[in-house]
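Asks: I am attaching a structure below and will ask some questions about it afterwards.
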Amino acid sequence: MKTLNVGMLGCGFMGRTHSNAYNQVAHFFPDLPFKPVLKCCYGRPEDLETLKKFRQAWGYEEIETDWHKLIARSDIDIVDVVAPNFLHKEMVIEAANAGKMIICEKPFAMSVAEAEEMVEAVEKAGVANMVSFCYRRNPAVSLFKQVVDEGRIGRPFHYRALYLQDYTISQKVPAGGASLWRLDAKVAGSGVTGDLLAHSIDAAEWINGPIKRVCAKTEIFIKERKNAETGEMVPITIDDACMFLAVFENGSIGTFESSRYARGRKNFQTMELNGEKGAVYFNLEEPEYIQFFRYADPSGQKIEDHLTGWQKILVTNSEHPYMSHYWVPGTMIGYEHYFINQLADFLAGISGGPECHPDVHDALRVQKVCDAVIRSAKEEKWIEI
Ligand SMILES: NC(=O)c1ccc[n+]([C@@H]2O[C@H](COP(=O)([O-])OP(=O)(O)OC[C@H]3O[C@@H](n4cnc5c(N)ncnc54)[C@H](O)[C@@H]3O)[C@@H](O)[C@H]2O)c1
């Protein structure tokens with residue numbers, strides 16, 4: 001078994017999910033010829049206490065408060081970028097130039113121009129890479145795609161996606177600072193479009209093919225907030241909510257909606273595809289199910305009318321994606337397993353298995369759609385991708 005030394009660039013929420021995946025992957029995917037080693041984690045000097053606790057909790061050998069030094073180390077094999085969005089470009093390019101394998105959180109970049117530079121550096125270096133659109137690795141979402149790929153939906157007509165949260169409704173929520181960098185355009189790039197809809201767009205293009213054109217409306221409901229660090233009122237320029245219409249290259253049409261003002265919704269994510277022969281629906285609040293409506297078989301043979309209806313499929317059988325690696329049929333896995341599954345796919349890819357996606361090219365596609373959505377909202381017109 002070959003060891004793979006990990007350098008983790010960030011020690012927040014995603015730092016935790018990725019560290020857990022490195023610690024767990026060999027337990028559930030013992031045939032992979034790699035053993036990840038949590039070598040070193042980075043945090044800012046002002047986050048030193050958090051960084052020390054993070055190291056302790058997840059078992060890193062060392063800590064570093066200068067990420068350039070971490071990337072430059074000759075004993076680091078994988079650089080894992082889990083820092084706020086504005087740092088992704090610099091970190092990815094520097095890691096590629098140092099010849100490291102790269103795993104990067106979404107949104108890949110702050111703009112298409114940034115993403116193109118990053119793809120160029122990664123291509124030039126020829127290093128293995130993956131972008132963490134982790135929801136693809138929920139077994140139910142993978143089964144959703146499998147059902148579509150098997151021709152069970154037939155000609156697709158409608159794709160429908162929601163991604164809703166409610167944590168910024170109060171005027172008292174500050175902008176900027178360590179935890180609310182998502183409300184600061186300079187750090188996050190965009191609001192719900194890059195943060196939430198990027199996931200929905202990635203899933204949509206993976207399942208239903210490329211989006212050709214979009215028409216969007218965004219809104220900023222609270223236009224000024226107190227900056228968490230300076231205490232001054234600052235204008236809010238990121239999109240609090242975004243809705244867009246999409247035309248797919250396969251002729252189907254889609255609607256996408258995202259908000260951080262959807263009272264009652266915490267991390268509510270749904271997707272539905274309606275086609276000629278059937279339909280599929282997924283809801284992240286029931287993460288181990290898909291709902292499937294069978295109208296006709298892939299051959300065109302129509303189901304008898306009295307037997308048509310929505311089937312709720314519990315995605316825990318060994319035959320379902322990823323599930324043979326876990327417990328026994330009928331037992332559940334959780335959010336953290338999406339990260340274990342994606343890491344297993346990445347490690348399989350670098351050991352001669354199927355090429356791992358989403359890679360930086362797939363992420364550039366998502367960035368193109370995100371940028372077009374923001375531009376469409378600004379210019380109030382349809383934008384071609
Ligand atoms: N795949 C997913 O579902 C998912 C979920 C959440 C976040 N993310 C992405 O992961 C990345 C990290 O998000 P998170 O939720 O872990 O954030 P977080 O705020 O929990 O952690 C960010 C880390 O970066 C540090 N940090 C903050 N500001 C910094 C700065 N200016 N310079 C250097 N370091 C700084 C923080 O101290 C912390 O260690 C983001 O790109 C985010 O979009 C992806």
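Taken together, the values in this text are just the output of simple stated rules run on the coordinates, not laboratory data. Since the structure is predicted, the reported quantities are computational estimates derived from the model, not experimental observations. Here the Cβ is made from the backbone with ideal geometry for all residues, glycine too, and neighbour counts use every protein chain on show.
Asks: Quick one: P(r) of region 143-226 from all Cα-Cα pairs, 5 Å bins, percents rounded to integers, in order of increasing distance.
Replies: Spelled out per bin, shortest first, that is 3, 10, 19, 21, 13, 11, 10, 7, 5, 2, 0.
Asks: Could you go through region 148-163 in sequence order and give the Karplus-derived ³J(HN,Hα) for each residue, using 6.51 cos²θ - 1.76 cosθ + 1.60 with θ = phi - 60°, rounded to whole Hz, and x for Gly and Pro?
Replies: 5, 4, 6, x, 7, 9, x, 4, x, 10, 10, 10, 9, 10, 10, 9
Asks: Would you mind checking Lys35/Lys69; Lys217/Lys277; Lys53/Lys124; Lys217/Lys266; Lys277/Lys368 for any pair whose Cα atoms are more than 26 angstrom apart?
Replies: Lys217/Lys277; Lys53/Lys124; Lys277/Lys368
Asks: Exactly which chymotrypsin sites (Phe, Trp or Tyr not before Pro) in region 87-176 are in a DSSP loop and have at most 15 other Cβ atoms within 10 Å?
Replies: Loop-located and lightly packed - Tyr167.
Asks: Test of understanding: what is the full-extension gain from Lys217 to Gln311, defined as 0.36 nm times their sequence separation minus their Cα-Cα distance?
Replies: 30.4 nm
Asks: Sort His27, His158 so that the residue with the fewest other Cβ atoms within 10 Å of its own Cβ comes first and the one with the most comes last.
Replies: Ascending Cβ contact count within 10 Å gives the list His27, His158.
Asks: Within 10 Å of each candidate Cβ there may be at most 11 other Cβ atoms; applying that plus a DSSP loop requirement, which GluC sites (Glu not before Pro) in region 275-321 survive?
Replies: Filter output for region 275-321: Glu285, Glu304, Glu319.
Asks: For Glu229, list long-range residues whose amide hydrogen, built 1.01 Å from N in the peptide plane, is under 5 Å from its own amide hydrogen.
Replies: So Glu229 has HN proximity to Gly177.
Asks: Any idea how far apart Asp149 and Arg375 come out in nm if each label point goes 7 Å out from Cα toward Cβ?
Replies: Distance between label points: 3.1 nm.
Asks: Go from 0 up to the bin containing the longest alpha carbon distance in region 45-133, width 5 Å each, and give me the % of pairs per bin.
Replies: 3, 14, 23, 24, 19, 10, 6, 1
Asks: Does region 273-385 come out rounded, prolate or oblate, given a ≥ b ≥ c as the square roots of the eigenvalues of its C-alpha gyration tensor, rounded meaning a/c under 1.5 and, failing that, prolate meaning a/b above b/c?
Replies: oblate
Asks: Roughly how many nanometres apart are two label points built 7 Å out from the Cα toward the Cβ at Gln171 and Glu285?
Replies: Each label point lies 7 Å from its Cα, and together they span 2.9 nm.
Asks: Build a GNM of the chain with springs between Cα atoms under 10 Å: which of Gly300, Gly15, Gly154 gets the top mean-square fluctuation?
Replies: Gly300
Asks: Quote the relative contact order of region 244-385 in percent (integer), defining contacts as alpha-carbon pairs under 8 Å separated by 6+ residues. Before the final figure, lay out the partial values.
Replies: Values: 133 pairs, mean separation 14.6, N = 142.
Result for region 244-385 is 10 percent.
Asks: Please order Leu4, Leu164, Leu314, Leu343 by the number of other Cβ within 10 Å, starting at the fewest.
Replies: Ranked by crowding around the Cβ, least crowded first: Leu314, Leu4, Leu164, Leu343.
Asks: Based on a Kirkwood Rh over C-alpha pairs, give the Stokes-Einstein translational diffusion coefficient of the chain at 10 °C and viscosity 1.306 mPa s in µm²/s.
Replies: So the translational diffusion coefficient is about 73 µm²/s.
Asks: Using amide H atoms built in the peptide plane, which far-off residues or other-chain residues are under 5 Å from Lys35 H to H?
Replies: Lys2, Thr3, Leu4
Asks: Of the candidates Gly43, Gly251, Gly352, which one comes out as most mobile in a Gaussian network treatment of the chain with C-alpha springs shorter than 10 Å?
Replies: Result: Gly352 has the largest fluctuation of those listed.
Asks: Give the residue list of trypsin sites (Lys or Arg not before Pro) in region 144-237 that are DSSP loop and have at most 11 other beta-carbon atoms within 10 angstrom.
Replies: Lys172, Lys223
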